[in-house]
Structures are given as structure tokens and as C-alpha cells.
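Contents: one structure, followed by commentary.
Every number in this text was worked out from the coordinates using simple rules, so none of it is lab data. As the structure is a computational prediction, the values presented were derived from the model and not from experiment. Here the Cβ is made from the backbone with ideal geometry for all residues, glycine too, and neighbour counts use every protein chain on show.
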């Protein structure tokens, strides 16, 4: 339970007075604006949502990074936030960047006004960079499962799905197993969504290949071996798969999350999705507030919006599974039609633990380049 709710009696009154004193109207944040947003660990610690909104409006800016508009419905998410808070101008940098690119930007730009305020990041990269994040617990913190958040709020998972193989069925034969991809009909066809040493989606694509080839979540080596075989046969395409490369046919086979892969059906009506037997790999991305966020109030308000019912349902409309899905289903706040449209997945899902994700990233850093060279 959050420590704030454990205070009783006189302690509540004292704590309230302290919050009011810290988050009053002084300090140039605007009337009623929180003046301690940079260290606030919750909206309550900032004097409440009204105070947080006032402070964010006063800042007037929010810097996000590596958020493609066609990724998990992020275009609609960005537009909805902008419509709700029109005083806050969003700067969206490097929309095709990886999780590692996000971290690099935080480290390179430091406290400058151009630095990212928030990160949407894969778990293996998040766990390796905890010192860059500020603890924050959104108002709906209790709906996030314990194993999907860091206890103090350094990171908290937001949306997820199943790793899959998407392909253009008009150009290629039906895929019924991972081994099919080694055949001559898949020459120069198979791609990942990024570099697996930097991008979480690509890392999990290699892990899926490992599981489908007899590997385990503790050992990604069989996945690396599989991509080495694809390279030797000339079937691996060493470019990052994007909406454009799928549309123009450069990457007719893509290892990617099912919710991202499903979106290609808009441009390629013959696009199909396959999840190999014994390799139903589930994972979630995580949110984090940068410790050096130049707009700390807007950063925290952004997170509040993402974890609101509206924000979670927007991800669901993008065919991603929001982290509050179980709680929202129970409360009746879920978008039932969007939930019914989720891509199917058959089999028992597995998820990488923090240690397994870190181990996979370490192995890839040492072996991936050689495998595909």
C-alpha cells in the first residue's frame, strides 16, 4: 500500500498543511500550481490534479521521444492529450527511435530544454538505466499489477501484446512454423523491427525464434543461431521494418508485436499474423519520468493521462493490451468493442523476468553482430 494512505489522525492534518505550503500559488507556477513538481512522487504530493494541471499549463511544453504515430495508436493518444490540454505544446522527437535512443537522448541532452521529459521504453533497457528515472506513482497506481511496476514508481508498464510473425500472404506461402522461413521462397524477405541490441521489440523477436527452436526464456542463443541461418541463406533483410517498408514490399515478413503487425493490414489487406507453437511470448513496454525532465509537471500530467480510462482505452483501440485491462474490465470502464478486436493468441503465454531480459540483452550485445555479419 502507498505510504500516503498509512498516515492517520493528526499526521494527516500535518501532511496536508505541508503539501499546501509546498504547492501553493507562490513561485511563478500560476494560481494553485504545484511548485515542487520536479520531486513530486504523485499528484497528491503536488497538491492534487488541479495543482498539477496548473503547473503543467504554466510550463506549456512536453517533450516526448520515439513515439511513432502508428505505434499502438500513439497518434490518437498524442492528439487526445493535446486537445485536453491545449496550453501544452508537444514536441515529438525521433519518432522511429529505439529504447536505447531514448536513453541516449536523456544522457546527451541532460537538463537542456530539448531533453525528453518522459520515456516509453523496453524493459531490458529500462532496467539498465534506473538511475535516469524519477519515482512517480499515477493516480490509478493500484490497478497496475505488482509485478508490472517498480515499487517506488521508477518504471511502470503500460501496454503490451504477443510477439508474432506478420507476412504478406499474397507474395509468400502460408507460414506454419519458424522453419518455413529458412526455405528458398523467403529469400530477402525476413526482417525485425529494429536492432535487438537496442530495441525491445527486436530483442523479443529473437527470443521468440529461440523458443520456437527449443530454447528457453533463460537462453536466447538458439534465436541468434536461427537468424545466423537466415543470414547464410540470404533470407534475412538487415533493415528495420517500418510501415513504409512493409507497404513497399521491402520487408514482406516481419517479427513484431501482434498489435503493431495487425496495423499493416490497413496498407496490405493480405497481411496475416502467425504465432509459433510453444513461443507465445508476452511483454509490455514501460513508462518512466526522466529525472532531468525540463518540464516535470507536464511529464507527470502526461503519465496521469496515459493511465486514465481514456488513455488506456486509446491503446486498446490500437490493438494493444493496456496494463489496467483487468481492473477496467471489472469496473466496466473498458471499451468492450476494442477488446473484442484484439488479435488472438493460442497457447500459454510466457514473459521474461527482469533477470531474463537483462541476460538476453547481454548475450545479444556479445553475439548478434557476428551472427548476421
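Here is how the numbers come out for the structure above:
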| quantity | calculated |
| --- | --- |
| Rounded to 5, the percent of DSSP beta bridges in the chain classed as antiparallel | 70 percent |
| Translational diffusion of region 260-323, µm² s⁻¹ [Kirkwood Rh, Cα pairs; Stokes-Einstein; 10 °C; 1.306 mPa s] | 109 µm²/s |
| Region 70-91 versus region 137-192: alpha-carbon centroid distance in Å | 24 Å |
| Debye log10 I(q)/I(0) at q = 0.22 Å⁻¹ for region 34-112, Cα point scatterers | -1.13 |
| Helix axis angle, 49-59 relative to the chain longest principal axis, alpha carbon, degrees | 80 degrees |
| Tilt relative to the chain, helix 200-212 - C-alpha long axis, 0 to 90 degrees, to 10 | 40 degrees |
| Sequence ranges 71-82, 263-274, 41-52, ranked by mean other-Cβ count within 10 angstrom, highest first | 41-52, 71-82, 263-274 |
| Whole-angstrom gap from region 254-271 to region 307-363, using each part's C-alpha centre | 17 Å |
| Per-residue Cβ neighbour rank within 10 angstrom, fewest leading, 368, 315 | 368, 315 |
| Normalised convex hull volume, region 201-340, alpha-carbon set, Å³ per residue | 172 Å³ |
| Degrees, to the nearest 10: 354-372 long Cα axis against longest axis of the chain | 40 degrees |
| Mean Cβ neighbour count within 10 Å, used as a protection proxy, ranking 168-176, 91-99, 55-63 highest first | 55-63, 91-99, 168-176 |
